[in-house]
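K.L.:
The structure follows.
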Amino acid sequence: MNVCFTPPAKSTLLHCSRRAAIAFLAFATILAPTFSSTVATSQASTLETLAKLREAWVQDLRAKQLEPILKFYAVDAAFLQPNGERLTGSAALRTLFQNIMAMFDSDLTLHCQNLETSGDLAYDSGDFQESLTVIATGAKISSKGSYLIIYKRQANRTWQIVQQVWTGTPPAGT
């Protein structure tokens, strides 16, 4: 038995779908650089904002500005000290910074190695050098190590620190 296969006739729907697909691809190709550029600009703006936050945090620490420095942190933020102690929450951070500011003058320098974002999270990782002056005696203490700051974008679109980690050997007397 001889059976011939005859391909179905091209439908109007298939022809329209093909045209629509080609038009969509052409449109997407034209707009892709616009969307890519917008995303890159937004990313660059976010990284610039985070770098400015880091520098403002350092300046507030140096100037012993307790209230402004506490505003960098989320209410439930955690601060992990070089000795492994975890301090969590606004009250614990207030006590930490009050003690630091009462005992020392800080000359802290942060050297960022990585600053990246993904959605509503970002991290800033690098090295630090700090020269502390003991207020009571004038003695100088030097320390260095690494840091990691994790930021979270809040509902009001601002960034706050949710985790902060310091590594290295704590200087004697701290």
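The values are calculated or read from the model by the stated rules, or taken from the named source; none is laboratory data. Predicted model only: the values in this text are computed from it and were never measured. No Cβ is skipped: glycine too gets one built from the backbone with ideal geometry, and neighbour counts run over all protein chains shown.
K.L.:
Within region 117-168, work out how many residues are in contact with a Leu (Cβ under 6 Å, 6 or more places away or on another chain), free of Cβ contacts under 8 Å to residues at least 40 places away in the same chain and of a type in the set (Val, Ile, Thr).
P.N.:
1
K.L.:
Select from region 130-159 the residues that are surrounded by 14 or more Cβ atoms within 10 Å (Cβ to Cβ) and either of a type in the set (D, E, K, R) or over 25 Å from GLN43 (Cα atoms) (or both) and list them in ascending order.
P.N.:
We begin by selecting, within region 130-159, every residue surrounded by 14 or more Cβ atoms within 10 Å (Cβ to Cβ); these are 130-134, 141, 143-153, 159.
Listed by number, the residues that qualify are GLU130, SER131, LEU132, THR133, VAL134, ILE141, SER143, LYS144, GLY145, LYS152, ARG153.
K.L.:
Does region 85-110 hold any residues that are under 17 Å from ILE150 (Cα atoms), small (Gly, Ala, Ser) and not in a helix (DSSP H, G or I), and which are they?
P.N.:
So the first thing to find is which residues in region 85-110 are under 17 Å from ILE150 (Cα atoms), and the list is 86-90, 93, 110.
Next, from what is left, pick out any that are small (Gly, Ala, Ser): 89-90.
Passing the criteria: only GLY89.
K.L.:
A follow-up question, please. Taking region 72-84 on its own, how many of its residues are out of contact with any strand residue (DSSP E or B) (no Cβ under 8 Å at 6 or more places or on another chain) and outside any strand (DSSP E or B)? Outline the logic, then answer.
P.N.:
Start the filter on region 72-84 by keeping residues that are out of contact with any strand residue (DSSP E or B) (no Cβ under 8 Å at 6 or more places or on another chain), which leaves 75, 83-84.
Now drop any that are not outside any strand (DSSP E or B), which leaves 83-84.
The qualifying residues number 2.
K.L.:
Now for a different question. Could you list all residues from region 89-115 that are in contact with a Phe, Trp or Tyr (Cβ under 8 Å, 6 or more places away or on another chain), without any contact (Cβ under 8 Å) to a residue 24 or more places away in the chain and surrounded by 12 or more Cβ atoms within 10 Å (Cβ to Cβ)? Before you say what the answer is, go through the steps one by one.
P.N.:
Looking only at region 89-115, we keep the residues that are in contact with a Phe, Trp or Tyr (Cβ under 8 Å, 6 or more places away or on another chain), and these are 90, 92-93, 96, 108-111, 114-115.
Next, from what is left, pick out any that are without any contact (Cβ under 8 Å) to a residue 24 or more places away in the chain: 90, 92-93, 96, 111, 114.
Within region 89-115, SER90, ALA92, LEU93, LEU96 meet the criteria.
K.L.:
Could you go through region 150-168 and let me know if any residue there is in contact with a Gly (Cβ under 9 Å, 6 or more places away or on another chain) and not in a strand (DSSP E or B). Give the steps one after another, and end with the answer.
P.N.:
In the first step, residues of region 150-168 are kept if they are in contact with a Gly (Cβ under 9 Å, 6 or more places away or on another chain); the result is 153, 166-168.
Next cut, not in a strand (DSSP E or B) only: 167-168.
The answer is yes, given that some residue of region 150-168 is in contact with a Gly (Cβ under 9 Å, 6 or more places away or on another chain) and not in a strand (DSSP E or B).
K.L.:
Something else now. Only residues in region 59-74 that are among the aromatic types (Phe, Trp, Tyr) count as the first member; pair them with residues that are surrounded by fewer than 16 Cβ atoms within 10 Å (Cβ to Cβ), Cβ under 8 angstrom, at least 6 apart or cross-chain, and list the lot.
P.N.:
As it stands, the answer is PHE72/ALA56; TYR73/SER90, since those pairs meet every condition given.
K.L.:
Only one of (1) farther than 19 Å from TRP159 by Cα; (2) exposed (fewer than 13 other Cβ atoms within 10 Å of the Cβ); (3) at pLDDT 95 or above fails for ASN83. Which number is that?
P.N.:
The single condition ASN83 does not satisfy is (3).
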